[in-house]
Amino acid sequence: MSNARLQLTPEQRALVGTVRDLGRDKFRGRAMKYLDGTFPWENLRDLAEIGVLGMSIPEEYGGSNLPVFDTALVIEEVAKSCYATAMALMGEVGVQVRVISTYAPESMKRDILPKVCSGDAMLAVCMTEPHAGTDVPNYKTNTVIKGDRAIVNGVKTLISRADEAEWFVVFSRINGIPGRDGIGCVLVNRHTPGFEVTSRYHTMGGENLAEIRFENVEVPLENVILREGGFKNLLSAFNTQRCLNPSVSLGMAEGAFEEAIKYVRDRTVFGKAIGDFQGIRWKFAEMYRDIEAGRSLLYRACLTANPFPDPHEAAIAKIFVNEMAIRVTSEALQVHGGYGFIDDYPVSRFYRGARYGTLGGGATETLKDLVGKKLLKDFDPVDGFLSTGAF
């Protein structure tokens, strides 16, 4: 291996290898049964046993406090085996756990985080509303502070793990303050009166999403873990999601690519293996090129985390990897012919799962606008784009 390539440490290789073994021996065989929205509890328990659910949690609460890069490596490997499990895992190591471990009171950290490590408490984040997704400053969900209590009202939609999560990290306006300056964050337990899952939606990837209503949900004041003015802190934590989301996409592209290679080596047409045709070989060269380009962008973005990734590096990586995964999984399905359209072949699951990436964690169009604004602002008429400091 060239010294110019990123070298994983022995510890990182061991962790990825352990997860790869789980994927090969258990997750791949179970993937089909999660297409109907069944939650992959057994897979998460397997991951909890090897410490993966505590990757993002500080050691004093039972976790291993691994960098964003290590977390992304694990999610990538899980996604190569099972989309549903990768998405469930992202919920335990992503923005919600990082918001709690960074901003919540000590008593909450000690109560919640050890249970996340063991797999006994699932977390969910509530951002999107029926009228606003990426447009966070226009959220209508509002939390009114009254003495030592806080009262939450509003509706959140397209929420993952709504039927499984114990705790919900809710992006909310505080005391009706308008615009982005009014956005904070409230922690709500699902058993609190006034909390209700009102609708459920089954996705093309197999995962279930839901709508949640908060009607006079009363929580202790300490559950308001970020008050008005916390928007910047929330977005900083959310940049982690913009590295973990494309980690799922990268893993699915790799999984589909590997399935396609296995297929064309064994399948024959006109007396030749499909892989012996030049047009097919060119497809694989292009798929591999795109996967490796995406890997480089994503890993670079992950390595900027301190503790959260650089927002523009994360945005660039997410844009490219999400769109790359759609292309690669589509080509992988194509080389399977009609068999690629059948659920029994894993490539069809990778294809459907890959379509999620550009929609969650910040829509591609929004991120392109973010990146474009920075390029126009930072462009140096003398030194050109080297002044952006990317290398």
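The values are calculated or read from the model by the stated rules, or taken from the named source; none is laboratory data. Since this is a predicted model, take the numbers as computed values, not measurements. Every residue, glycine as well, gets a Cβ built from its backbone with ideal geometry; the counts of neighbours run over all protein chains shown.
Listed here are the residues, each with its yes/no results for (1) outside any loop (DSSP other than H, G, I, E, B); (2) more than 25 Å from ASN65 (Cβ to Cβ).
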site: PHE308; (1), (2): no, no
site: ALA314; (1), (2): yes, no
site: ILE319; (1), (2): yes, yes
site: MET324; (1), (2): yes, yes
site: ARG327; (1), (2): yes, yes
site: ALA332; (1), (2): yes, yes
site: GLY340; (1), (2): yes, yes
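When segment 42-57 is filtered for residues that are part of a helix (DSSP H, G or I) and out of contact with any Asp or Glu (no Cβ under 8 Å at 6 or more places or on another chain), the ones remaining, listed by number, are GLU42, ASN43, ARG45, ASP46, LEU47, ALA48, GLU49, VAL52, GLY54.
The one condition from (1) in contact (Cβ under 8 Å) with a residue 12 or more places away in the chain; (2) closer than 30 Å to ARG28 by Cα that GLY340 does not meet is (1). Can you confirm whether segment 307-321 contains a residue that is out of contact with any strand residue (DSSP E or B) (no Cβ under 6 Å at 6 or more places or on another chain) and closer than 30 Å to ARG265 by Cβ? Looking for residues that are out of contact with any strand residue (DSSP E or B) (no Cβ under 6 Å at 6 or more places or on another chain) and closer than 30 Å to ARG265 by Cβ, one finds at least one in segment 307-321, hence yes. Residues in segment 1-41 that are outside any helix (DSSP H, G or I), under 21 Å from GLU254 (Cα atoms) and of a type in the set (A, V, I, L, M, F, W, C) were compared, and the one that is nearest to the chain's Cα centre (by Cα) is LEU35. From the list ALA237, ALA210, ALA253, the lone residue that is touching a residue at least 40 places away in the same chain (Cβ under 8 Å), aliphatic (A, V, I, L, M) and closer than 14 Å to ALA124 by Cβ is ALA210. When segment 281-295 is filtered for residues that are under 20 Å from ILE75 (Cα atoms) and in contact with a helix residue (DSSP H, G or I) (Cβ under 9 Å, 6 or more places away or on another chain), the ones remaining, listed by number, are TYR288, ASP290, ILE291, ALA293, GLY294, ARG295. Across segment 200-222, the qualifying residues are those that are touching a helix residue (DSSP H, G or I) at 6+ places or on another chain (Cβ under 8 Å) and of a type outside the set (A, V, I, L, M, F, W, C), and the one among them that is nearest to PRO137 (Cα to Cα) is GLU222. In segment 59-104, of all residues being in a helix (DSSP H, G or I) and among the small types (Gly, Ala, Ser), the one that is farthest from the chain's Cα centre (by Cα) corresponds to SER101. Evaluating TYR299 against the criteria (1) touching a residue at least 60 places away in the same chain (Cβ under 8 Å); (2) exposed (fewer than 15 other Cβ atoms within 10 Å of the Cβ) leaves one unmet condition, (2). So is ARG300 touching an Asp or Glu at 6+ places or on another chain (Cβ under 7 Å) and under 25 Å from LYS373 (Cα atoms) or not? For ARG300, the condition - touching an Asp or Glu at 6+ places or on another chain (Cβ under 7 Å) and under 25 Å from LYS373 (Cα atoms) - is met. So for segment 30-44 (the condition being surrounded by 12 or more Cβ atoms within 10 Å (Cβ to Cβ), within 23 Å of PHE238 (Cα to Cα), touching a residue at least 60 places away in the same chain (Cβ under 8 Å) and not assigned by TED's automatic domain parsing to the domain that holds GLU254), does at least one residue qualify? Yes, segment 30-44 contains a residue that is surrounded by 12 or more Cβ atoms within 10 Å (Cβ to Cβ), within 23 Å of PHE238 (Cα to Cα), touching a residue at least 60 places away in the same chain (Cβ under 8 Å) and not assigned by TED's automatic domain parsing to the domain that holds GLU254. Restricting attention to segment 83-100 and to residues that are over 16 Å from PRO309 (Cβ atoms) and free of Cβ contacts under 8 Å to residues at least 60 places away in the same chain, the residue that is surrounded by the fewest Cβ atoms within 10 Å (Cβ to Cβ) turns out to be GLU92. Taking GLY205, is it within 17 Å of ALA86 (Cβ to Cβ) and either of a type outside the set (Lys, Arg) or exposed (fewer than 14 other Cβ atoms within 10 Å of the Cβ) (or both)? It is true that GLY205 is within 17 Å of ALA86 (Cβ to Cβ) and either of a type outside the set (Lys, Arg) or exposed (fewer than 14 other Cβ atoms within 10 Å of the Cβ) (or both).
Filtered by the rule that a residue be part of a strand (DSSP E or B) and among the small types (Gly, Ala, Ser), segment 207-233 gives a lone residue, ALA210. In this structure, THR143 qualifies as in contact with a Gly (Cβ under 8 Å, 6 or more places away or on another chain), part of a strand (DSSP E or B), crowded, with 21+ Cβ neighbours inside 10 Å and hydroxyl-bearing (Ser, Thr, Tyr).
Being closer than 29 Å to PRO40 by Cβ and free of Cβ contacts under 8 Å to residues at least 60 places away in the same chain is the requirement here; does GLU106 meet it? In short, no. Taking the criterion of being among the aliphatic types (A, V, I, L, M), in a helix (DSSP H, G or I) and more than 31 Å from the chain's Cα centre (by Cα), the residues of segment 265-303 that qualify are ILE274, ILE280.
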